[in-house]
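Participant: I am attaching a structure below and will ask some questions about it afterwards.
The values are calculated or read from the model by the stated rules, or taken from the named source; none is laboratory data. Quick caveat: nothing in here was measured; it's all calculated off a predicted structure. Here the Cβ is made from the backbone with ideal geometry for all residues, glycine too, and neighbour counts use every protein chain on show. Only protein heavy atoms, including side chains, enter the accessible area calculation; ligands, DNA and RNA are left aside. Shrake-Rupley method; radii C 1.70, N 1.55, O 1.52, S 1.80 Å.
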Amino acid sequence: MHYRESGPHAPTGSDGDHDTVPRYIRSVSNTLQTIHDRYVRAGYRAPKPDGVRGGSAHTDVYVGDIGDDGLYGFCTSDDPKTAISDPGSYDVWAYCVLDDDYTRSQFPTNTPLENMRVTAAHEYFHAVQFGYDFAEDPWLLESTAAWVEDELYDSVDDNRQYLRNSPLRRPRMPLDTFGEEGFHYGTWIFWRYLTEKYRTRAGGLPTLVRDVWRRADGAAGRPDDHSTQALQRCCAPGARRSPSSSRCSPPPTGGRGPSTTRAARRRTGPRPWRRRSRSGRGAPTRPPSAAGSTTSPPRRSATCRAG
């Protein structure tokens, strides 16, 4: 965890004392640890370590006043592979940024704690996704991250706001649409439908989304299916023959996952996956401090072990 003890990016409860950890940082840290443990127990790959960036190999989370920019949070990567058009494998490390207080003046719906929790669940899931394929189709990245918010924090229901621009309201819109006023967020309801149809669970989470990501896995030697191909194989007749089955169909004989479409859909750099941004800025470099503040050096909280 990286944060300020003073200045505009200091989190709630900061007292300027570098020997103490603000209550808000402890809350974020504990929330992230819970989220990390839930994802790993459900069978997801833990986010990739980043060497010594940020002080250790742990997944770095920066805290600052990004609500002033209209952001709930974002996740991106400075892994060198993200700058290569065809790196050969697409699993990269990631780091995340969260707001410093989720105050009601900036985030009027839900409580600050609820907003922090669902945003942490969403953004940390992006860090998990990057460990499979940072350049996967963006609708899959965002729709499954919006879906998992409700799986971990069911009582918050923050992702219901996306249903007004979703397959429920726009049934003729292609499922893999990205953009269109946030349609890709509303597509989370499709994953809810599928996980209610295929009810197998592991570690408290439905296995279908996990299995789709395993098929989309772009790490070396992995299947590397594109989004709809992975989905098709995981829902194919016989792929999930019983409530206890979590298998997906193998590629057809003589074929492999992404075929020639991969080059066309790969980007030369990572997209900063974020929630409800109005800024339109490009992918940030790793912030040297919370939200780019230059007042005092960030410090890592010893309470954070996630990643």
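Participant: If I go through segment 227-261 residue by residue, how many of them are modelled with pLDDT of 95 or more and not in a helix (DSSP H, G or I)?
Facilitator: Residues in segment 227-261 being modelled with pLDDT of 95 or more and not in a helix (DSSP H, G or I): 0 in total.
Participant: Checking the condition open to solvent by less than 10 Å² (accessible area, probe 1.4 Å), hydroxyl-bearing (Ser, Thr, Tyr) and under 14 Å from residue 129 (Cα atoms), which residue from 90, 102 passes?
Facilitator: So the residue among 90, 102 that is open to solvent by less than 10 Å² (accessible area, probe 1.4 Å), hydroxyl-bearing (Ser, Thr, Tyr) and under 14 Å from residue 129 (Cα atoms) is 90.
Participant: For the structure I just gave you, tell me whether residue 39 is in contact with a Leu (Cβ under 9 Å, 6 or more places away or on another chain), open to solvent by less than 10 Å² (accessible area, probe 1.4 Å), not β-branched (Val, Ile, Thr) and not in a helix (DSSP H, G or I).
Facilitator: It is false that residue 39 is in contact with a Leu (Cβ under 9 Å, 6 or more places away or on another chain), open to solvent by less than 10 Å² (accessible area, probe 1.4 Å), not β-branched (Val, Ile, Thr) and not in a helix (DSSP H, G or I).
Participant: Any residue in segment 141-165 that's open to solvent by 10 Å² or more (accessible area, probe 1.4 Å): show its pairings with residues that are among the acidic types (Asp, Glu) at Cβ separation under 6 Å, as long as the two are six or more apart or on different chains.
Facilitator: These pairs meet every condition: 156/114; 165/181.
Participant: I'd like to verify a number: residues in segment 201-226 that are assigned to a loop (DSSP other than H, G, I, E, B) and open to solvent by 20 Å² or more (accessible area, probe 1.4 Å), how many?
Facilitator: Total meeting the criteria: 7.
Participant: Can you give me the number of residues within segment 63-88 that are more than 15 Å from the chain's Cα centre (by Cα) and in a strand (DSSP E or B)?
Facilitator: The qualifying residues number 2.
Participant: Return yes or no: is residue 136 in a loop (DSSP other than H, G, I, E, B), of a type in the set (D, E, K, R), in contact (Cβ under 8 Å) with a residue 12 or more places away in the chain and open to solvent by less than 40 Å² (accessible area, probe 1.4 Å)?
Facilitator: Yes: the conditions hold for residue 136.
Participant: Taking the criterion of being in a helix (DSSP H, G or I), out of contact with any Lys or Arg (no Cβ under 9 Å at 6 or more places or on another chain) and among the β-branched types (Val, Ile, Thr), would at least one residue in segment 119-132 satisfy it?
Facilitator: No, every residue in segment 119-132 fails to be in a helix (DSSP H, G or I), out of contact with any Lys or Arg (no Cβ under 9 Å at 6 or more places or on another chain) and among the β-branched types (Val, Ile, Thr).
Participant: Yes or no: segment 60-68 includes at least one residue that is of a type in the set (Asp, Glu), out of contact with any Pro (no Cβ under 6 Å at 6 or more places or on another chain) and surrounded by 24 or more Cβ atoms within 10 Å (Cβ to Cβ).
Facilitator: yes
Participant: With respect to residue 163, determine if the residue is aliphatic (A, V, I, L, M), over 24 Å from residue 76 (Cβ atoms) and either part of a loop (DSSP other than H, G, I, E, B) or touching a strand residue (DSSP E or B) at 6+ places or on another chain (Cβ under 9 Å) (or both).
Facilitator: no
Participant: Only one of 28, 21 is closer than 22 Å to residue 100 by Cβ, of a type in the set (A, V, I, L, M, F, W, C) and either in a loop (DSSP other than H, G, I, E, B) or touching a strand residue (DSSP E or B) at 6+ places or on another chain (Cβ under 6 Å) (or both); which?
Facilitator: When all the criteria are applied, what remains is 21.
Participant: Here is a check on your reading of the model: is residue 142 of a type in the set (D, E, K, R) and assigned to a helix (DSSP H, G or I)?
Facilitator: yes
Participant: Given the options 113, 98, name the one that is at pLDDT 95 or above, part of a strand (DSSP E or B) and out of contact with any Pro (no Cβ under 8 Å at 6 or more places or on another chain).
Facilitator: 98
Participant: Just the residues that are open to solvent by 30 Å² or more (accessible area, probe 1.4 Å) and closer than 17 Å to residue 67 by Cβ, please, taken from segment 10-23.
Facilitator: Residues satisfying the conditions are 12, 13, 14.
Participant: All but one of (1) within 14 Å of residue 102 (Cα to Cα); (2) in contact (Cβ under 8 Å) with a residue 60 or more places away in the chain; (3) part of a loop (DSSP other than H, G, I, E, B) hold for residue 13, so report the exception by its number.
Facilitator: (2)
Participant: Please find, among 203, 182, 221, the residue that is modelled with pLDDT of 95 or more and either under 23 Å from residue 134 (Cα atoms) or under 17 Å from the mean Cα position of the chain (by Cα) (or both).
Facilitator: That would be 221, the only listed residue that is modelled with pLDDT of 95 or more and either under 23 Å from residue 134 (Cα atoms) or under 17 Å from the mean Cα position of the chain (by Cα) (or both).
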